[in-house]
Amino acid sequence: MAILNGKRALVIGAGSGIGQATARLFHNEGARVACADLNRAAAQATAAELGAAPCFQLDIADHQQVHRTVDSAAKALGGLDLMVSTPFGPVSFVIENLPPEQWQREFNVLASGTLYAFQAAIPWLRKAGGGVLLSATASLFGDYGAHTHPAIFPAYSAAKAAQEMIIKATAMLHSREGIRSCGVQPGFTRTEGAVRTLEENGIQVDQFEARIGEGMPMGMAMPEAVAEGFLFLASDYASYITGYTLLVDGGSYAGRFGRMLY
Amino acid sequence: MSEMIDMTLAAGLLEGSRCLVMAGADGIGEAIANRFRSEGAAVHQTGGASGTGSFCRVEDVAASFTAARAALGKLNLVVLAYSQWSTMSPEKWSTDRFQELMASNAAMAVETGRLALREIEGSGALCFISTDWALATSPDLGLMGASKAPLGPITKSLALHGAKRGLRVNAIFMGLIDSPQLRAFAAERGAEAGISGDAFERLVARVPIGRAGTPDEIAKATAFICSPRSRHVTGVSVLVDGGLLYA
Ligand SMILES: NC(=O)c1ccc[n+]([C@@H]2O[C@H](COP(=O)([O-])OP(=O)(O)OC[C@H]3O[C@@H](n4cnc5c(N)ncnc54)[C@H](O)[C@@H]3O)[C@@H](O)[C@H]2O)c1
């Protein structure tokens, strides 16, 4: 029996990278998956691959669009049991000259977007008698609250720390209804978004991988491996896990002290 | 094509694995052994109510590896699910008691790690069972928590050592799991506080998920984390606690 047989899942960010790998894995594990993304063509490509899955274009930072999309997706799937959000957009590298609009955009896509998606999904999960809310945070940029490591993306890191708190607060308030809320903290993962971000800063991904070296004990993650973390938390194997964020980073965090070079 | 996928999945998460489970008296090891078998692993259990041999001293670790090896051949999974339970008010603390707890809960993990690196060739998984009390505690559980706390750095260093060859090492942190030990603790505390009614239900009512966990819920999470479906998960502390610690 497939691990997610009969489950109905919406993946926001399904057009690329970790979200796309998660949509594929959930589909292969028996779930019915709806795909949503800011990039319409990318969402359509993933949806087509999954056999004409329901597909939506949305900006997760827009409260109304999120509610409309979640409602439409749930209607198309005949209800909703699982929701995953993995958006990633342009990031900034400064504090001193960080324009307020850039700060707000990064914060809204990651933190506010997570909140909006959870808000919109909760009534559907409740109607289904329970379910799981999932979101990608970041292992090296926002883990464990107090251990938050600001790295070099200040706005991104702040938003990731906020996401962690949204995940935990949702768990505290809604776990009793059978609505679990969890996150996955990927280590550095070879996705379009990650490769593009490096290239925009004049760094080739292979150079980067070589430089970090031992800092990623099992090497750079592939999106398929990170998607397995979402599969675990979405499944009945994690029935007693809520308010928790799982690191899927091949030991990067375990070895960070004295090893990570940035 | 889709039929082929279904067949692989029907095989269970741990098909073809050979696993040693070292159990204590709290039923967690039993649940793990049962779950691992139902996921397709061949399991040798030492200690616990249904395991072979006794398992409560550090010397029993090497003996367990030898017995499992003889029963199953070369192992690729090892789970240390033994916990020595102890509740003791700080006023009654004794260094003897503390050393006893360290010699079981902590030293057994050290010995298990060392032997697992040698026993498991190439890729595989090692998993320790710890408790939330190693991360945050209540007055009477401090010593037990302290004796489990070393599992954090022990897990991480073994994970770093094994990463290159795909030997993954993780720790599961249990919240309030329904066991005779937890029920006895709840009853004891309930009596001390003069609480009438079901002390256990009162204790677990504050867990965000609203109930105690079952031993199989620890076992399910352990199975997934040990399985090839968690190929990039290593050096991690997995909280299986219904949100008790963080939420
Ligand atoms: N790749 C890594 O190394 C890494 C590490 C840690 C955390 N993460 C996190 O994992 C998640 C996925 O990252 P990825 O590397 O797969 O990125 P990616 O860029 O490859 O994919 C992200 C997808 O999100 C979509 N998206 C962007 N803005 C959106 C918006 N406003 N509304 C809806 N969709 C939007 C994009 O169009 C894209 O399809 C992100 O939350 C990211 O922060 C990634």
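Bear in mind these aren't lab numbers, they're just calculated from the coordinates by the rules spelled out. If you're wondering where the values come from, they're calculated on a predicted model, not measured in any experiment. Please note: Cβ atoms are built from the backbone with ideal geometry, for glycine as well, and neighbour counts cover all protein chains shown.
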(message) Quick check of the Kirkwood formula: for the stretch B:96-168, what is the inverse mean of 1/r over all pairs of different Cα atoms, in Å?
(response) 12.9 Å
(message) Between helix A:40-49 and chain A, what is the angle of the helix's C-alpha long axis to the longest principal axis, kept within 0 to 90° and rounded to the nearest 10?
(response) 60 degrees
(request) Check the straight Cα-Cα distances from A:K7 and name the lysines below 17 Å, setting aside those fewer than 8 residues away within the same chain. (result) A:K75, A:K127
(message) For the stretch A:8-261, I need the span (max minus min coordinate) of the C-alpha atoms along each principal axis, in Å, sorted largest to smallest.
(response) 48, 37, 36
(message) Can you compute the helix-only [θ] at 222 nm over chain A? Use -39500 (n - 2.57) per DSSP H run of at least 4 residues, normalise by all residues, nearest 500 deg cm²/dmol.
(response) -13000 deg cm²/dmol
(request) If a/c stays under 1.5 just call it rounded; otherwise compare a/b with b/c (prolate if a/b is bigger, oblate if not). Do that for the stretch B:36-129, with a ≥ b ≥ c from the square roots of the Cα gyration tensor eigenvalues. (result) prolate
(request) Specify, per residue and in Å³, the volume enclosed by the convex hull of the alpha carbon atoms belonging to chain B. (result) 134 Å³
(message) What do you get for the angle between helix A:223-234 and the principal long axis of chain A? Use alpha-carbon atoms, 0 to 90 degrees, nearest ten.
(response) 50 degrees
(message) 5 Å is the cut-off here: which amide hydrogens, built 1.01 Å from N in the peptide plane, fall below it relative to B:T131, excluding neighbours closer than 5 in sequence?
(response) B:M174
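By counting other Cβ atoms within 10 Å of each Cβ, how are A:C55, B:C56, A:C35 ranked from fewest to most?
Going from sparsest to densest Cβ surroundings: B:C56, A:C55, A:C35.
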(request) For every helix of n ≥ 4 consecutive DSSP H residues, a contribution of -39,500 (n - 2.57) applies; sum these over chain B, divide by its total residues, and give [θ] at 222 nm rounded to the nearest 500 deg cm²/dmol. (result) -12500 deg cm²/dmol
(request) Please arrange B:W85, A:W124, B:W133 by counting, for each residue, the other beta carbons lying within 10 Å of its beta carbon, fewest first. (result) B:W85, A:W124, B:W133
(request) Over the alpha-carbon set of the protein assembly as shown, work out the extent along each principal axis and list the three values in angstrom, largest first. (result) 63, 55, 54
(message) Using a Cα-Cα cut-off of under 30 Å, which lysines could be cross-linked to B:K164, ignoring same-chain neighbours fewer than 8 residues away?
(response) A:K160, B:K74, B:K148, B:K156, B:K220
(request) Any chance you could give the angle, 0 to 90 degrees and rounded to 10, that helix B:107-119 forms with the longest Cα principal axis of chain B? (result) 0 degrees
(message) How would A:D37, B:D26 line up from fewest to most surrounding beta-carbon atoms within 10 angstrom?
(response) B:D26, A:D37
(request) Have a look at A:Y237, A:Y156, A:Y116 and tell me which one the Gaussian network model of chain A (Cα, springs below 10 Å) gives the largest fluctuation. (result) A:Y237
(request) Hey, can you grab everything whose amide H is under 5 Å from the amide H of B:G235? Only 5+ residues off in sequence or another chain; H modelled, so Pro and N-termini drop out. (result) B:V169, B:N170
(request) Using amide H atoms built 1.01 Å from N in the peptide plane, name the residues 5+ places from A:L58, or on other chains, whose amide H lies under 5 Å from its own. (result) A:D37, A:L38
(message) If I build a Gaussian network model for chain A, linking alpha-carbon pairs within less than 10 angstrom, which residue out of A:N39, A:N108, A:N201 has the largest mean-square fluctuation?
(response) A:N201
(request) Go through A:P223, A:S175, A:A42 and say which Cα lies farthest out towards the positive end of the charge dipole of the stretch A:8-261; charges sit on Cβ, +1 for Lys and Arg, -1 for Asp and Glu. (result) A:S175
(message) To the nearest 20 Debye, how big is the dipole of chain A about its Cα centre, given +1 on the beta carbon of each Lys and Arg and -1 on that of each Asp and Glu?
(response) 720 debye
(message) Going by Cα centres, the stretch A:198-225 and the stretch A:74-107 are how many Å apart?
(response) 23 Å
